[in-house]
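Below is one structure, written out as structure tokens, with a few remarks after it.
None of the figures in this text is laboratory data; all of them are computed from the coordinates on show. Every value quoted in this text rests on a predicted model; they were computed, and no experiment measured them. Quick reminder, even Gly has a Cβ in these numbers, built from the backbone with ideal geometry, and neighbours come from all protein chains shown.
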Amino acid sequence: MGLAQAIRGCRACGCDRLLPVIDLGRTPLADRLASPDDPPGSDRTEPLELVMCGACALVQITVTVPPADLFGQGYPYHSSVSPALRAHFAAAAAAHLGRYRLDRHHRVVEIASNDGVMLRHFVARGIPALGIEPSPGPAAAARAAGVSTLDAYFDGALADRLAGDGWSADLVLAANVLAHVPDPVDFAAGIARLLRPGGHAVFEVPDLGDLVQGLAFDTIYHQHLCYFSLTSLEALLGRGGLRVVDVERLAIHGGSLRVHAAPAGTPGAAVAALRAMEQRQGAASPAFLAGFAERVARLRDRLRDLLARLAGEGARIAAYGAAAKATTLLAYCGIDRTTVDFVADLNARKWGLAMPGCRLPIVPPARLLEAMPSHVLLLAWNFADEILAQQAEYRRRGGRFILPLPEPRVIA
Ligand code: ZN
């Protein structure tokens with residue numbers, strides 16, 4: 001394990017004027033699930049503090065945990081486990097195939113391709129495609145599904161190696177990875193150099209505006225180094241030689257931006273419209289984030305009060321979703337085994353392990369019907385529709401879900 005490094009300046013522009021946004025305290029590393037053999041209290045924690053760059057408005061956390069400690073052996077996140085993510089990436093692939101009119105003469109590279117959940121749709125059309133994925137478990141699953149995958153972290157140096165090996169691409173896909181990258185400008189510049197003439201890159205990133213408005217503070221964790229508005233993203237990509245030509249707003253992950261970029265091109269009407277909206281909101285100004293920390297603290301207090309009141313009334317409470325975001329929510333709200341019995345999760349790779357820090361055991365969803373807790377705290381709230389549908393029988397028998405945010409409430 002390596003030491004966490006505190007940043008000296010903005011990850012994009014280097015400015016050392018970093019304005020405090022929220023301090024979530026020391027939290028365990030998300031997705032580093034504890035095994036029953038790990039001694040109690042041994043789970044690694046690191047500071048989790050959000051700041052905004054006073055120059056380019058990039059919102060970011062103040063420490064960088066070495067990527068190998070976050071995404072290496074044991075990283076349990078397989079995109080294909082979630083039906084909602086499978087559907088999202090199938091639709092994304094269809095949209096990209098149509099928009100960029102790709103055929104077998106083109107090449108597609110996807111960065112952080114996970115288990116090939118999106119790239120398999122290009123492979124199925126006979127389009128030469130290469131995935132880049134540093135987590136060994138998902139990379140092996142992708143290869144098993146027929147998707148060529150390189151076990152690596154993408155950066156400018158790898159981009160040049162790939163281009164030298166004949167992997168210059170017409171389309172580079174980077175969904176939910178830019179926020180993970182310690183040097184995002186080098187990453188963007190590498191993509192710009194990897195693109196063939198006329199090629200495009202498509203990024204998906206969680207939208208800071210939706211995070212702030214939806215009080216989705218639990219999407220802040222050590223894997224997510226940066227939190228983007230279109231304004232800060234355009235500035236960052238520009239430093240790497242990419243221009244944003246189009247933007248779409250997506251509902252996935254509590255609100256995301258899909259940005260189409262290229263080394264040259266003219267921003268379309270959607271870019272101008274979202275820029276104007278962010279300017280009205282002040283998304284690039286500290287004023288937009290003023291009060292966020294207080295609102296999150298009040299949300300924490302209301303959630304704790306609700307759980308305490310239910311427990312006082314004799315409720316037995318479980319949780320659903322051993323997701324990365326659950327680590328932040330449980331740690332910041334101080335929720336542990338005194339309040340919650342276990343966490344159910346669909347991913348069999350997590351069963352038998354425990355949430356880091358609070359050590360809530362992770363069990364199969366079938367346990368809900370066996371144990372019939374009266375309430376289930378929905379930690380994976382971004383998949384609420386999917387989970388409520390899967391748990392129709394639990395609800396029919398009288399079980400109730402608790403939605404933690406933006407306002408804690410019991411779903412009738
Ligand atoms: Zn900056």
For the range 133-222, divide the Cα radius of gyration by the Kirkwood radius and give the resulting Rg/Rh value with two decimals.
-> 1.02
For R26, other-chain or 5+-apart residues with amide H closer than 5 Å (H placed, Pro excluded) are L48
Residue by residue, what Karplus-based ³J(HN,Hα) values in Hz, rounded to whole numbers, does the range 283-292 have, using 6.51, -1.76 and 1.60 with θ = phi - 60° and x for Gly and Pro?
-> 4, 9, 10, x, 4, 4, 9, 5, x, 4
In order through the range 87-99: 3J(HN,Hα) via Karplus (6.51 cos²θ - 1.76 cosθ + 1.60), integer Hz, x for Gly, Pro | 5, 4, 6, 5, 5, 4, 4, 4, 5, 5, 4, x, 5
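Divide by every residue of the chain the summed helix terms, -39500 (n - 2.57) for each DSSP H run of at least 4, and state the resulting mean residue ellipticity at 222 nm, rounded to the nearest 500 deg cm²/dmol. Working shown, then result.
Details: 15 runs with 139 residues, N = 412.
Estimated from H runs of four or more residues: -9500 deg cm²/dmol.
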All alpha-carbon distances of the range 5-65, grouped into 10 Å bins from 0, give the whole-percent distribution 21, 41, 22, 12, 3
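Over the Cα atoms of the range 230-303, compute the convex hull volume and normalise it per residue, giving Å³. Don't skip to the end; give the middle numbers.
On the way: hull volume 8.1 nm³, N = 74.
Expressed per residue, the convex hull around the Cα atoms of the range 230-303 is 109 Å³.
How big is the charge dipole of the range 292-411 about its Cα centre, in debye rounded to the nearest 20, if each Lys and Arg gets +1 on its Cβ and each Asp and Glu gets -1 on its Cβ? Present the calculation step by step, with values, prior to reporting the outcome.
Working: 18 positive and 12 negative charges, 17 e Å.
For the range 292-411, the charge dipole is close to 80 debye.
Average the reciprocal distances over every distinct pair of alpha-carbons in the range 292-411, invert the result, and give the Kirkwood radius in Å.
Details: mean 1/r = 0.0703 Å⁻¹.
That comes to 14.2 Å for the range 292-411.
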Cα-based Rg of the range 79-271 per 2.2 N^0.38 Å, rounded to two decimals?
-> 0.95
Here the gain from full extension of A270 to E370, 0.36 nm per residue of separation minus their alpha-carbon distance, amounts to 31.0 nm
Given the convex hull over the Cα atoms of the range 33-112, what projected area results after averaging over all orientations, in nm²?
-> 9.7 nm²
Determine how many Å³ per residue the convex hull of the Cα atoms of the chain encloses.
-> 137 Å³
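Report the FRET efficiency, 1/(1 + (r/R0)^6), for D165 and A392, where r is their Cβ-Cβ distance and R0 is 56 Å, rounded to 0.05.
Working: r = 50 Å, r/R0 = 0.89.
Plugging the Cβ-Cβ distance into 1/(1 + (r/R0)^6) gives 0.65.
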Size of electric dipole in the chain: Cβ of Lys, Arg +1 and of Asp, Glu -1, about Cα centre, debye, nearest 20 | 660 debye
Where in the range 125-148 does the label zone of A68 land, with the point 7 angstrom along Cα→C-beta and an amide N cut-off under 15 Å?
-> 134-136
Determine ³J(HN,Hα), in whole Hz, for all residues of the range 374-379 in sequence, where each value follows from phi through the Karplus function 6.51 cos²θ - 1.76 cosθ + 1.60 and θ = phi - 60°; x replaces Gly and Pro.
-> 6, 9, 10, 6, 8, 6
Between R86 and E294, how many nm apart are label points set 7 Å from Cα along the C-beta direction?
-> 4.7 nm
Two-site label geometry, R249 and A315: point separation in nm, points 7 Å out along Cα→Cβ = 3.2 nm
